[in-house]
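What follows is one structure encoded as structure tokens, with my remarks underneath.
Derivation of every value follows stated rules applied to the coordinates shown; laboratory data play no part. Model, not experiment: these values are computed from the prediction. In this analysis, Cβ positions are derived from the backbone assuming ideal geometry, glycine residues included, and neighbour counts consider all displayed protein chains.
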Amino acid sequence: MPINKVVKEVKQNLKNEDKKEFNEIETINIKIDNKNEIFSSYDYDSNELLNDEFSSYLIEKATLISPKSKLRVKIFSETNLEEKEVKYAYNNKFKKEFEDYDRKLKENARFAFIMLLIGILFIGFLILEEYFLNELVLSIILEIAAWVFVWEAVDAFFLQRAELRRMRFQMARLLSADFEIVVIKK
């Protein structure tokens, strides 16, 4: 069988496999052996903070699941975990992360706008310089400066912003996920 035909067949199989209904629920199953695996070991008097390794694992698993699917987080544990306590720490973590990415998106838009304005300002200086002075060296410097600032605005707004939006979306998915704790009897 020709290589191109095999590649096309694999792509078609993957595409058919990925066709899921919107809001189909997919579950992230997690096994917890003790409270230190879910809560931060530095949180002395209460369990308000999630373990960083645990939250990183959740984010990694969420990115592997189709964006069309709704998430369910299901924790299996032999220890007696209080669902209210775990849910509180979980919500604190991902609400903070969501708000951080939301703030970063606003800062990114502001930064891109400022860079664009500075670039336009340099283009204006370039036009004035061409009209009044017509100095080659100054013209080259102004042109380079103008395009550097305009490119920085384009990079920030169109390239960096996509990753920030993707991560904010993941945090929103994790925040809105169904949450369940299953206690396993020994």
Notebook entry, point to check: For the chain, which longest stretch is free of loop sites, where a loop site is one of the chymotrypsin sites (Phe, Trp or Tyr not before Pro) that DSSP puts outside H, G, I, E and B and that has at most 14 other Cβ atoms within 10 Å?
Noted result: 45-186
Next item on the list: Among DSSP beta bridges lying fully in region 23-183, give the percent that are antiparallel, nearest 5.
Entry: 5
Next item on the list: Taking a cut-off of 12 Å between Cα atoms, list the aspartates and glutamates near K185, but don't count ones fewer than 8 places away on the same chain.
Entry: E78
Item checked: Cut-off under 5 Å, modelled amide H: who pairs with A177 long-range -> none
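At a threshold of 8 angstrom on Cα-Cα distance, excluding pairs fewer than six apart, so keeping six or more, what relative contact order does region 23-183 reach in percent? Walk me through the numbers before you get to the answer.
Details: 200 pairs, mean separation 53.2, N = 161.
Answer for region 23-183 is 33 percent.
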Notebook entry, point to check: Near the amide H of F39, under 5 Å away, which other amide H atoms are found, from residues 5 or more places off or on another chain, if H is placed in the peptide plane?
Noted result: N51
Item checked: Amide H within-cut-off set for L81, under 5 Å, with H built and near neighbours excluded -> none
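Quick one: grab the alpha carbon gyration tensor of region 23-183, order the square roots of its eigenvalues as a ≥ b ≥ c, and give me rounded if a/c is under 1.5, else prolate or oblate depending on whether a/b is larger than b/c. Spell out each step's value before the answer.
On the way: a/c = 4.71, a/b = 3.23, b/c = 1.46.
Prolate.
Please report the net charge: other residues with Cβ closer than 11 Å to the Cβ of E37, K and R +1, D and E -1.
Numbers: positive: K31, K35; negative: D33, E53.
Once all neighbours under 11 Å are counted, the net charge is 0.
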Next item on the list: Quick one: angle between helix 3-17 and the longest Cα principal axis of the chain, in degrees between 0 and 90, rounded to 10, please.
Entry: 60
